[in-house]
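Enquirer: First the structure, which I've put down as structure tokens, then a few questions once you've had a look.
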Amino acid sequence: MNDDGEKVAGRAGATVRCVGGIAVDADGRMLMIRRGRAPSSGLWSVPGGRVEPGESDEAAVVRELREETGLEVSVGGLVGTVERRGPGGVVYEIHDFEVTAEGGTLRAGDDAAEARWVTPSELRDLPTTPGLLDALTAWGLI
């Protein structure tokens, strides 16, 4: 466990495979969550999380989006991959996929304190997780 009481998978220096779902609606707004737990509690990010053992990336994206936002999504292509250092020397390898909301009702759940659609200018004004704006800009999304 880290100082925030979060269980950290793996040993120091281990890589933890994670996924994220990048959804953009018809009005050009992006789906974001405000994290309710460490790491980056209170900061805004793309919804997502760890890939469970034996789970495909696509299945993990669908599960994480349902848990964190209440939305059912279809998964498209890989948008990009980033690595972020975590507590205890763990490295989170995050594979972000394009997703399309197909149903459900938007609501914050699981470890998301809030979930909402934001415009690119709104996103730039929010406190975001380290490197998020740089990655989204590099990928041509904002």
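Enquirer: All but one of (1) crowded, with 17+ Cβ neighbours inside 10 Å; (2) assigned to a loop (DSSP other than H, G, I, E, B); (3) not aromatic (Phe, Trp, Tyr) hold for residue 84; state the number of the condition that does not hold.
Expert: Result: residue 84 fails condition (2) only.
Enquirer: Could you check how many residues of the range 34-80 are in a strand (DSSP E or B), closer than 24 Å to residue 14 by Cα and in contact with an Asp or Glu (Cβ under 7 Å, 6 or more places away or on another chain)?
Expert: 5
Enquirer: Just checking, how many residues over the range 53-76 are without any contact (Cβ under 8 Å) to a residue 24 or more places away in the chain and closer than 25 Å to residue 130 by Cβ?
Expert: Residues in the range 53-76 being without any contact (Cβ under 8 Å) to a residue 24 or more places away in the chain and closer than 25 Å to residue 130 by Cβ: 1 in total.
Enquirer: With 117, 139 as the choices, which residue is more than 25 Å from residue 14 (Cα to Cα), touching a Gly at 6+ places or on another chain (Cβ under 6 Å) and of a type in the set (A, V, I, L, M, F, W, C)?
Expert: Sole residue among the options that is more than 25 Å from residue 14 (Cα to Cα), touching a Gly at 6+ places or on another chain (Cβ under 6 Å) and of a type in the set (A, V, I, L, M, F, W, C): 139.
Enquirer: Looking only at the range 96-142, count how many residues are of a type in the set (Phe, Trp, Tyr) and either buried (at least 16 other Cβ atoms within 10 Å of the Cβ) or touching a helix residue (DSSP H, G or I) at 6+ places or on another chain (Cβ under 7 Å) (or both).
Expert: Counting residues in the range 96-142 that are of a type in the set (Phe, Trp, Tyr) and either buried (at least 16 other Cβ atoms within 10 Å of the Cβ) or touching a helix residue (DSSP H, G or I) at 6+ places or on another chain (Cβ under 7 Å) (or both) gives 2.
Enquirer: Quick check on my filter: what residues within the range 14-33 are over 22 Å from residue 124 (Cα atoms) and not in a strand (DSSP E or B)?
Expert: Scanning the range 14-33 gives a single hit, 14.
Enquirer: I would also like to ask the following. From the set of residues in the range 109-126 that are part of a loop (DSSP other than H, G, I, E, B) and more than 10 Å from residue 44 (Cα to Cα), which is farthest from the chain's Cα centre (by Cα)?
Expert: Across the range 109-126, the extreme among qualifying residues is 119.
Enquirer: What number of residues within the range 87-108 are touching an Asp or Glu at 6+ places or on another chain (Cβ under 9 Å) and assigned to a loop (DSSP other than H, G, I, E, B)?
Expert: 1
Enquirer: Just checking, which of 118, 79, 46 is touching a Phe, Trp or Tyr at 6+ places or on another chain (Cβ under 6 Å), modelled with pLDDT of 95 or more and of a type in the set (A, V, I, L, M)?
Expert: 79
For (1) buried (at least 19 other Cβ atoms within 10 Å of the Cβ); (2) of a type in the set (D, E, K, R); (3) out of contact with any Ser or Thr (no Cβ under 8 Å at 6 or more places or on another chain), each residue gets a yes or a no:
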position: 36; (1), (2), (3): no, no, yes
position: 40; (1), (2), (3): no, no, no
position: 50; (1), (2), (3): no, yes, yes
position: 59; (1), (2), (3): no, no, yes
position: 69; (1), (2), (3): yes, no, yes
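The values are calculated or read from the model by the stated rules, or taken from the named source; none is laboratory data. All of these numbers come straight from a predicted model, not from anything done at the bench. With ideal geometry, Cβ positions are generated from the backbone for all residues, glycine too; neighbour counts draw on all protein chains shown.
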